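The values are calculated or read from the model by the stated rules, or taken from the named source; none is laboratory data. This structure is a prediction, so every number in the text was calculated from the model and none was measured. Note that we place each Cβ from the backbone using ideal geometry, even for glycine, and neighbour counts take in every protein chain shown. Note: areas computed on protein heavy atoms with side chains; ligands, DNA, RNA excluded. Shrake-Rupley method; radii C 1.70, N 1.55, O 1.52, S 1.80 Å.
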Protein chains: 2
Amino acid sequence: MPRLVMKFGGTSVANVERIANVARHVAREVRAGYDVAVVVSAMSGKTNELVGWVKESDPLYDPAEYDAVVASGEQVTSGLLAVALRRMGLPARSWQGWQVPVETTSGHGSARITAIGGTRIGERFEAAREVAVVAGFQGVHPETGRITTLGRGGSDTSAVALAAALGAERCDIYTDVDGVYTTDPRIVPKAQRLDKVAFEEMLEMASLGAKVLQVRSVELAMVHRVPTYVRSSFDDPDNPNPGTLICDEEDIVENPVVTGIAFSRDEAQITLRRVADKPGVAAAIFGPLAEANVNVDMIIQVVSDDKATTDITFTVPTADYERSRAILDSHKDAIGAQEIEGATDVVKVSAIGVGMRSHAGVASRAFAALAEKGINIRAITTSEIKFSVLIDSAYTELAVRTLHSLYGLDKEA
Amino acid sequence: MPRLVMKFGGTSVANVERIANVARHVAREVRAGYDVAVVVSAMSGKTNELVGWVKESDPLYDPAEYDAVVASGEQVTSGLLAVALRRMGLPARSWQGWQVPVETTSGHGSARITAIGGTRIGERFEAAREVAVVAGFQGVHPETGRITTLGRGGSDTSAVALAAALGAERCDIYTDVDGVYTTDPRIVPKAQRLDKVAFEEMLEMASLGAKVLQVRSVELAMVHRVPTYVRSSFDDPDNPNPGTLICDEEDIVENPVVTGIAFSRDEAQITLRRVADKPGVAAAIFGPLAEANVNVDMIIQVVSDDKATTDITFTVPTADYERSRAILDSHKDAIGAQEIEGATDVVKVSAIGVGMRSHAGVASRAFAALAEKGINIRAITTSEIKFSVLIDSAYTELAVRTLHSLYGLDKEA
């Protein structure tokens with residue numbers, strides 16, 4: 001039998017009634033001839049409740065105990081879904097991370113999967129066509145035998161990794177939206193659902209602010225070439241929409257130049273003015289930030305008007321902004337900057353498309369269109385399949401809509 | 001270092017604040033020089049919530065999935081208590097049933113412990129004096145690797161079994177009462193807390209309706225001779241009362257004739273009138289009930305006034321009353337009874353004491369005292385260290401108080 005992995009997030013399993021609905025989605029695929037493994041998240045709100053208790057117990061909690069507490073949420077859902085499936089007459093059982101086993105690193109709270117044993121689940125497929133209901137987001141460290149978790153959104157990663165381990169035909173990620181859109185439909189009503197999107201594009205979209213899938217899960221899907229659908233659990237279980245397929249670039253017949261527009265408000269800008277333009281200055285700036293685990297993005301360096309110094313601009317996650325300023329202040333002498341400026345009211349808007357590889361001048365059309373609307377560009381970065389501009393956050397909607405129209409992504413009325 | 005097992009029930013770990021209080025009790029014992037393993041229940045109310053979800057998913061749920069869901073409650077508490085202990089500077093970690101491991105039979109929902117591996121916890125004691133916080137009520141079936149639970153109140157059993165496996169000096173069961181009383185203080189204000197009670201007496205008390213400890217845990221404590229205290233988690237953690245010690249009969253210097261008065265409202269009476277007094281009739285009555293797993297108690301047989309037939313009276317748990325009547329009705333011909341009567345408004349009142357072994361006439365004094373109060377005795381059973389009378393439930397309080405006074409158990413004013 002071909003194998004299928006289905007994954008359902010927190011809103012899809014929010015209560016017993018929603019879990020029964022998930023069971024109907026699973027039953028459809030079993031009837032269609034698949035051996036099914038289902039990966040589930042905790043009921044929505046449960047993870048926050050558990051995290052709240054841990055932090056109340058100790059703000060400086062032990063991450064291993066955090067994992068033991070928080071992993072219980074998925075354990076509950078996996079058992080309840082197995083009960084619901086059996087009520088429908090389908091053989092089913094729950095699997096905790098340590099039972100599968102899903103082996104991970106020891107990095108409690110944000111562990112990475114190192115290996116998944118698919119043998120035991122596979123045996124149950126073959127013996128009884130038994131549906132495997134797997135608790136997502138969690139694993140076990142093989143040396144300590146302790147429960148680990150993969151970090152927020154980790155159930156997507158659990159699902160894709162399990163699909164790879166089981167040799168599944170595809171992985172279906174069920175969520176509360178019906179697919180991947182050209183941009184956020186709440187901002188651009190003319191946004192369209194994509195039928196297909198390339199792994200590389202989805203990876204950029206996820207990295208650049210589209211929150212449909214966890215970045216790590218897209219990486220895994222790309223590496224293991226797992227065709228992955230994003231689709232809605234709120235569709236009629238007997239007649240669902242296919243959603244968006246994330247797949248190899250070659251499987252997409254006609255690639256548009258730009259596939260989607262993403263944006264991230266989680267950016268802060270830091271500018272160092274009149275830095276002495278000498279060797280080693282970049283190391284003096286970025287070394288201490290790297291040591292403090294600050295993720296620096298969009299680095300731009302331009303020679304100052306005095307020709308002897310240089311201005312350096314870069315972005316950091318908003319959450320790290322204050323800390324980054326403090327680090328730079330404490331290294332001010334070594335850096336030798338005359339001034340350190342910053343802004344948090346900025347947004348990074350990005351256009352993504354594998355079609356950019358074969359088209360020149362894609363970005364420059366954007367710069368012209370944004371300038372025409374009076375939008376000032378603070379910084380630009382480009383890569384093979386995307387470009388990003390940093391602008392004042394007040395212009396977010398205008399910029400996203402402008403680029404969405406410019407690249408022909410608007411839905412026809 | 002001597003070892004100690006402490007157990008805290010649901011009300012003792014009801015929220016983060018109460019869990020912090022538990023941590024202070026544990027810290028006291030660590031300071032006193034013990035290597036400590038703590039067994040915890042789920043936060044009060046959590047188990048009912050989880051059970052509710054399972055039953056809502058399917059009233060005929062799979063017991064293995066029930067266990068996977070319900071065991072998550074203790075998992076949460078174990079992690080939170082480990083966090084609270086570490087905050088106080090004590091080395092601590094949580095242990096799930098499968099991590100210890102606590103091996104059980106496969107009887108999901110009411111599994112029995114078959115073996116506990118104490119080696120790994122012992123190693124952590126010796127390496128770091130690390131407090132082991134063990135999720136109670138749960139284990140793992142060694143062949144299937146699936147999570148099992150021990151049934152309601154099973155955390156007491158987990159604690160005593162762990163104490164035996166670790167060779168602990170004693171086991172302290174913390175609860176919301178401060179010890180074992182001569183009878184229920186809500187009914188008899190003059191009830192007194194016992195300093196010591198013999199294993200055998202406690203076993204009878206638990207079996208006969210005193211709900212301080214689960215029967216199975218007392219059996220284990222008796223078999224493994226684990227001195228067990230029942231004490232209050234609501235005492236000042238720095239200056240607690242010792243509670244009641246359950247111990248060997250020989251460790252109690254002066255045994256009173258009667259140690260306590262227990263009562264159980266969970267009894268129903270069934271009487272078969274004018275049963276033909278011939279061989280095999282008992283089998284015809286009790287065989288079908290045994291097959292249906294009805295626990296029959298207090299069997300009395302008296303010859304009827306016609307001398308040719310016999311009346312048979314016995315009790316069953318109230319929950320099994322209707323079912324038992326139906327079973328007997330369907331076997332009426334084989335039994336040959338003229339009439340089947342029953343009553344559910346009855347109560348079993350028992351007096352327990354190892355001192356009965358060496359004193360004659362203990363029960364007959366009770367019969368006289370009850371008759372004097374106009375209390376009609378429906379049935380009597382006696383054993384070496386207890387006797388029970390079945391009476392109308394309206395007389396429960398009067399009968400308990402009468403016996404409590406009769407045997408000198410009243411607290412002095």
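For A:Asn48, indicate whether it is open to solvent by 30 Å² or more (accessible area, probe 1.4 Å) and at the interface with chain B (Cβ under 9 Å from one of its Cβ atoms).
Working: open to solvent by 30 Å² or more (accessible area, probe 1.4 Å): yes; at the interface with chain B (Cβ under 9 Å from one of its Cβ atoms): no.
In short, no.
Answer yes or no as to whether A:Pro237 is assigned to a loop (DSSP other than H, G, I, E, B), modelled with pLDDT of 90 or more and surrounded by 14 or more Cβ atoms within 10 Å (Cβ to Cβ).
Criteria met by A:Pro237.
For the condition of a type in the set (S, T, N, Q), open to solvent by 30 Å² or more (accessible area, probe 1.4 Å) and out of contact with any Leu (no Cβ under 6 Å at 6 or more places or on another chain), what is the one hit in A:Thr11, A:Thr77? Step through it out loud before you land on a result.
Working: A:Thr77 fails: open to solvent by 30 Å² or more (accessible area, probe 1.4 Å).
Just a single option satisfies the conditions, and that option is A:Thr11.
Would you check if A:Asp67 is more than 23 Å from B:Tyr61 (Cα to Cα), under 22 Å from the mean Cα position of the chain (by Cα) and not aliphatic (A, V, I, L, M)?
Judged against the criteria, A:Asp67 is a match.
Any residue in region A:316-324 that is in contact with a strand residue (DSSP E or B) (Cβ under 7 Å, 6 or more places away or on another chain), aliphatic (A, V, I, L, M) and under 14 Å from A:Leu289 (Cα atoms)?
yes
Every residue in region B:20-42 that is open to solvent by 10 Å² or more (accessible area, probe 1.4 Å), assigned to a loop (DSSP other than H, G, I, E, B) and among the aliphatic types (A, V, I, L, M), please.
B:Ala32
What single numbered condition from (1) closer than 21 Å to A:Trp98 by Cα; (2) more than 9 Å from chain B (Cβ to nearest Cβ) fails to hold for A:Ala27?
(1)
Sort out which residues of region A:8-45 are under 17 Å from A:Ser94 (Cα atoms) and touching a Gly at 6+ places or on another chain (Cβ under 7 Å), and write them in order of number.
Residues satisfying the conditions are A:Val39, A:Val40, A:Ser41, A:Ala42, A:Met43.
Tell me the residue from A:Ile352, A:Ile335, A:Ile312 that is touching a residue at least 24 places away in the same chain (Cβ under 8 Å) and within 26 Å of A:Glu254 (Cα to Cα), please.
Being touching a residue at least 24 places away in the same chain (Cβ under 8 Å) and within 26 Å of A:Glu254 (Cα to Cα) holds for just one of A:Ile352, A:Ile335, A:Ile312, which is A:Ile352.
Go through region A:55-68 and give me each residue that's facing another protein chain (nearest Cβ under 7 Å) and under 19 Å from B:Gly73 (Cβ atoms).
Hits for region A:55-68 are A:Glu56, A:Ser57, A:Glu65, A:Ala68.
Among the residues of region B:84-95, is any open to solvent by 10 Å² or more (accessible area, probe 1.4 Å), in the same structural domain as B:Thr119 (by TED's automatic domain parsing), touching a residue at least 60 places away in the same chain (Cβ under 8 Å) and basic (Lys, Arg)?
Yes, region B:84-95 contains at least one residue that is open to solvent by 10 Å² or more (accessible area, probe 1.4 Å), in the same structural domain as B:Thr119 (by TED's automatic domain parsing), touching a residue at least 60 places away in the same chain (Cβ under 8 Å) and basic (Lys, Arg).
Please enumerate the residues belonging to region B:202-249 that are small (Gly, Ala, Ser), out of contact with any helix residue (DSSP H, G or I) (no Cβ under 7 Å at 6 or more places or on another chain) and more than 22 Å from B:Val13 (Cβ to Cβ).
B:Gly209, B:Ala210 - these are the residues of region B:202-249 that are small (Gly, Ala, Ser), out of contact with any helix residue (DSSP H, G or I) (no Cβ under 7 Å at 6 or more places or on another chain) and more than 22 Å from B:Val13 (Cβ to Cβ).
Looking at region A:283-371, what strands (runs of 3 or more DSSP E) fall wholly within it and have at least 1 residues that are surrounded by 14 or more Cβ atoms within 10 Å (Cβ to Cβ) and modelled with pLDDT of 90 or more?
Ranges flagged: A:309-316, A:339-352.
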